[in-house]
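Please read the structure below before turning to the comments.
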Amino acid sequence: MDDRVCVVGIGVVEGKAPMVDVSHKEMLFHATRQALDDAGLERKDIGSAITSSFDFLEGRSLSNQYTLDSIGGVMKPCDLRLGEDGIYCLFAGYMEVMSDPSQVVVVASVQKASERDPDGLAYQKLIADSMEPVFSRPVCKSVPNLLGLESVLAGMEARAFMDRTGLSEEDLAEIAVKNLNMDSGTKGSGPDKKTVLKSDMLSWPIRTMTKAKEADAACAIILASENRVKDLLNEPVFVSGIGWCSDKSHVAFREQGVSRETKWAARQAYKMAGIRRPDREIDLAEVSDWYAHRELLHCEALGLCGSDEIKGCVADKSFQKEGRLPVNVSGGLLGRGNAVGTSGLIRVAQVVRQIRGQANGVQVPGAGVGLAHSWGGIPTATAGVAVLSKW
Amino acid sequence: MPKRVAIVGVGMQKYEFRKEQTVEEMVFDVARNALENSHLSKDDIDSVVFGSAVDAFCGINNSDKVAIDASGGLLKPTMRNSTSGSTAISTPILGYTHVASGMHDLVMVLCYEKMSENDSAQAVFNTVYDEAYVRPIGLNVPIQCGLEARAYLHKYGITERQMAKVSVKNRGNALSNPYAQLPMKLTVEDVLASPYLSWPVKLLDTSPVTDGARALILASEDVARELTDDPIWIKGVGRGADSVWFMGRKNKDLGRLDYAYLAAEQAYDMAGIRNPMAEIDYAEVYDPFTYKEMQHCEAMGLCPEGGAGRMIDEGISLKDGPLPVNASGGLQGEGNPIGAGMSRLCWCYLQAKGQAGACQVPKDVNNAVANGWGGMYQYNAVMVIGRD
């Protein structure tokens, strides 16, 4: 088999503080440059370039178009996309390489959250704009100033999830503490459970510290077929399974407190990768922890733990770095910040680092099979899952 | 090895201004038509690929997500592509990679656009430009295309009269298209007398603002052979994009579309076509403006470079000519819902199958080519389809 698809280069530009001195085009340029250096490739080697972004988030129509020059896609056969999470670029890139194995494909995504208004109202309007306009959107009018819209919707599903599984607020705080302390910047000195439980309540049980803060970030990943990469710098990391899926976007018609989209996306990815017992065969996972409850919700949907085991997994620290199945050892979205639409691709880069053994400080020993998951955020229900492996 | 991919079904609906349907209803309409056309049910479809250019037209963020239930793509892999006008062909190309890569066997490609739910489509188009350097000038499509048309006419000695003939041809062809928004019986004088929008582009050189959707169903070779005895294969795909900064193009020339030549070259290479003028039987060419049809015909080798004026003068591209172009009416006659320009490819398929009704050209169509143009006026996508 020499037609498998591998990740050969990764580049990540991220920062917790707003990156005021670089434009989103420059961020992408730096990420792509890093990825090319990482792979030992040059711009001329790039065959195809794929990016994704959301128009309304960027404040620009056709928002992915102006990124083409930054990622070396000029006068190349390219495929620009939009309106999907960054991890979807990996899927499109995978299919691009499988359709034409001679291709080297750059997939990239960028998000500059700091260009939106700082009080968060713009993001709430975006959520309202994402809702179906005839039946669903009018409900937003009943949320004063829209300021609590995201938290209200997230609170609803968190409550349904907690009711079903018996999780308490302390359990959610435990997850937040785990991820906030995992990031190398705050390691050991991060907040404890008491601080998390005292942070401002947005809409029960969502608090300011159980919800990921927005951040600026760019990520580029280079994909190529196995026989194309024999003389490259790094050992290739194989993309062994991918799956993506969407549930109903009408909040009212969707079951709350479950993630059917994640479950179905995982089913495809596992089938492709030949994984039957994800809880045993996967060495580490990077899943979306947009809200603390979402990490556990996704672990359940991904089959990393049974529905009746969730509470126990929190209690016996199964998902900690030293636990049975380390989840979000990179710090996740809670620890690193949430660059909406780009974080999914960064999750992939983190897993690649782990499998290569380059995850300084948070390396999980012997990581051979890793899972990256991304969730599109409220109010839609979209998820992507990628299984990456050393062999 | 990439798998072979065939088109096995098509879903059409009428193009109109201010259509009395929501995005979901439009998508439902064409998805159902495509399933009926290919004798499939929604459960047979493995995944859905959406194509739509600008969310701001319909005012819904991620409008494809809202249409997932209507497309039959619920709890299936769905992906959205958007490259402005070239979404028309880059979306089916994304669908092609779904099948060619071996990921899925039956893929529905759905392109839609609802351009009427805003105050001004051209004001929306201004928001595609870079917010710091270009947007404040107030650029929009006719202005940018006026610049480009001027460079093109100057470079190759094409005249406004020749441009007008394309408008007469396409709007006339649309008279036999039941889905067309703007069929018109015109004379060259009518077109020349219409007001300038941005010299040398006149009102009747442009395409209208349109709502509408189109669907195609793609299948892998094994499945296609089960479904039909006469599969129409996707033989070649090509894409090319120049710098998004139009002042920074590689050849410093707005008149010659290097990227479009690049895209066509790839598609023909893949299809094994050496001499498109002789080997292509039918073309649907992206014609948001009359001069764009001429530019694209040249770039796709349907006439020599600079020869598009003669092509229309000699009647080569007429419906009964030796190489008919846009017998459906093109974007000029049928309507131009940006992302749903996939209609061009749909008509190539219908012509190849002999199902084009009154638009059918009086010759056998074994190889057909369609293109889509867009991005930041710098992206071209080409697809060649046909029989073995």
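The values are calculated or read from the model by the stated rules, or taken from the named source; none is laboratory data. None of the values given here were measured: they were computed from a predicted structure. Methodologically, a virtual Cβ is constructed for each residue, glycine included, from the backbone with ideal geometry; neighbour enumeration extends over all protein chains shown. Protein only, heavy atoms only, side chains kept; ligands, DNA and RNA dropped before computing areas. Shrake-Rupley method; radii C 1.70, N 1.55, O 1.52, S 1.80 Å.
With a 10 Å radius around each residue's Cβ, average the other Cβ atoms per peptide and rank A:189-197, B:321-329, B:30-38, highest first.
The peptides rank, most packed first, as B:321-329, B:30-38, A:189-197.
I want the local charge near B:N81. Using Cβ-Cβ distances under 10 Å, sum +1 for each Lys or Arg and -1 for each Asp or Glu among the other residues.
Combined, the nearby Lys, Arg, Asp and Glu give -1.
Highest mean first, what order results for B:207-219, B:183-195 on Cβ atoms within 10 Å?
With the highest mean Cβ count within 10 Å placed first, the list reads B:207-219, B:183-195.
Which residue, A:W375, A:W290, A:W204, tops the fluctuation ranking in a GNM of chain A built on C-alpha contacts under 10 Å?
It is A:W204.
Less than 16 Å apart at the alpha-carbon level, and either on another chain or at least 8 residues along: which lysines does that give for A:K311?
Within reach: A:K178.
In this model, which of B:K14/B:K292; B:K3/B:K250; A:K25/A:K263 are farther than 31 Å apart at the alpha-carbon?
B:K3/B:K250; A:K25/A:K263
Give the shape of region B:276-359 as rounded, prolate or oblate, defined through the alpha-carbon gyration tensor: a ≥ b ≥ c are the square roots of its eigenvalues, a/c under 1.5 means rounded, and otherwise the shape is prolate if a/b is larger than b/c and oblate if not.
oblate
Defining a contact as two alpha carbons under 8 Å apart and six or more residues distant in sequence, what relative contact order in percent does chain A show?
24 percent
For chain A, with equal point scatterers placed on the C-alpha atoms only and solvent neglected, what are the log10 I(q)/I(0) values from the Debye formula at q = 0.15 1/Å, to two decimals?
Once normalised to I(0) and log-transformed, intensities are -1.41.
Add +1 for every Lys or Arg and -1 for every Asp or Glu among the other residues with Cβ under 12 Å from the Cβ of B:Y268, and state the total.
Result for the neighbourhood of B:Y268: -1.
With an 8 Å cut-off on Cα pairs and a minimum separation of 6 or more residues, tell me the relative contact order of chain B in percent.
25 percent
Restricting to the protein assembly as shown, what percent of DSSP beta bridges are antiparallel, rounded to 5?
Close to 75 percent.
So how strong a dipole does chain A carry about its Cα centre when Lys and Arg Cβ are +1 and Asp and Glu Cβ are -1, to the nearest 20 debye?
400 debye
Taking the Cα-to-Cβ direction at B:E131 and at A:K317 and moving 7 Å from each Cα, how far apart do the two end points lie in nm?
Those two pseudo-labels are separated by 4.4 nm.
Above 16 Å lies some portion of the pair distances; for region B:72-135, what is it as a whole percent of all C-alpha pairs?
Counting pairs separated by more than 16 Å, the tail of P(r) holds 61 percent.
How many Å² of accessible area per residue for region B:106-220, probe 1.4 Å?
Accessible area per residue: 37 Å².
Here is the link list: A:K194/A:K248; A:K125/A:K248; B:K165/B:K363; A:K141/A:K248; A:K321/A:K390. Which ones come out longer than 26 Å on Cα distance?
The answer is A:K194/A:K248.
Classify region A:257-358 as rounded, prolate or oblate from the Cα gyration tensor: take a ≥ b ≥ c as the square roots of its eigenvalues, call it rounded if a/c is under 1.5, otherwise prolate when a/b beats b/c and oblate if not.
In terms of gyration-tensor shape, rounded.
Just checking the output field for B:69-80: average partner chain Cβ neighbours within 10 Å of each residue's Cβ?
Partner Cβ neighbours, averaged per residue: 6.
Rounded to the nearest 500 deg cm²/dmol, what is the calculated helix-only ellipticity per residue at 222 nm for the protein assembly as shown, with -39500 (n - 2.57) per DSSP H run of length n ≥ 4?
Theoretical 222 nm ellipticity from helices: -10000 deg cm²/dmol.
Rounding to the nearest 20 debye, state how big the charge dipole of region A:123-252 is about its Cα centre with +1 on each Lys and Arg Cβ and -1 on each Asp and Glu Cβ.
The calculated dipole for region A:123-252 is roughly 280 debye.
Please report how far the C-alpha centroid of region B:311-335 lies from that of region A:100-121, rounded to the nearest whole angstrom.
41 Å
So what J values fall out for region A:64-80 if you push phi through Karplus, 6.51 cos²θ - 1.76 cosθ + 1.60 with θ = phi - 60°, rounded to Hz, Gly and Pro as x?
For region A:64-80, the Karplus-derived couplings read 7, 5, 6, 8, 4, 5, 5, 9, x, x, 6, 6, 10, x, 10, 9, 8 Hz, x marking Gly and Pro.
Which residues of region B:340-382 show a drop of at least 30 Å² in accessible area when all protein chains are present, compared with their chain alone (probe radius 1.4 Å, heavy atoms only, ligands and nucleic acids excluded)?
B:M376, B:Y379
Can you give the average number of partner chain beta-carbon atoms within 10 Å of each beta-carbon in peptide A:91-102, as a whole number?
So the per-residue partner count for this stretch is 6.
Using a 1.4 Å probe over the heavy atoms of the protein chains, calculate the carbon and sulfur portion of the accessible area of chain A as a whole percent.
53 percent
For the protein assembly as shown, just say rounded, prolate or oblate: build the C-alpha gyration tensor, square-root its eigenvalues into a ≥ b ≥ c, call rounded for a/c under 1.5, and beyond that prolate if a/b exceeds b/c, oblate if not.
Prolate.
Calculate the length of the line joining the C-alpha centroid of region A:45-93 to that of region A:261-295, in whole Å.
Taking the Cα centre of region A:261-295 as reference, the centre of region A:45-93 is 26 Å away.
When only C-alpha pairs under 8 Å and at least 6 residues apart count, what is the relative contact order of region A:269-391, in percent?
Reported as a whole number, the value is 30 percent.
Tell me which residues come under 5 Å, amide H to amide H, from A:S52 once H is placed; ignore anything under 5 positions away on its chain.
The answer is A:A108, A:V110.
Hey, in the GNM for chain A with a 10 angstrom Cα cutoff, which one of A:D247, A:D129, A:D216 fluctuates hardest?
So, out of A:D247, A:D129, A:D216, the one fluctuating most is A:D129.
Could you order peptides A:12-19, A:30-37 by the average number of other Cβ atoms within 10 Å of their residues, highest first?
A:30-37, A:12-19
Can you run phi through the Karplus equation (6.51, -1.76, 1.60; θ = phi - 60°) for region B:149-159 and list ³J(HN,Hα) in whole Hz, with x for Gly and Pro?
4, 4, 4, 5, 4, 5, 5, 10, x, 7, 10
Please compute, for peptide B:122-132, the average count of beta-carbon atoms on other protein chains lying within 10 Å of each residue's beta-carbon.
3
Does any residue of region B:20-65 lose at least 50 Å² of accessible area with all protein chains in place compared with its chain alone, and if so which ones (probe 1.4 Å)?
Checking the loss per residue gives B:N61, B:N62, B:K65.
What accessible area per residue, rounded to a whole number of Å², is obtained for chain A using a probe radius of 1.4 Å?
Heavy-atom SASA per residue in chain A reads 35 Å².
How big is the A-B contact in terms of buried accessible area, both chains counted, 1.4 Å probe, rounded to the nearest 100 Å²?
4900 Å²
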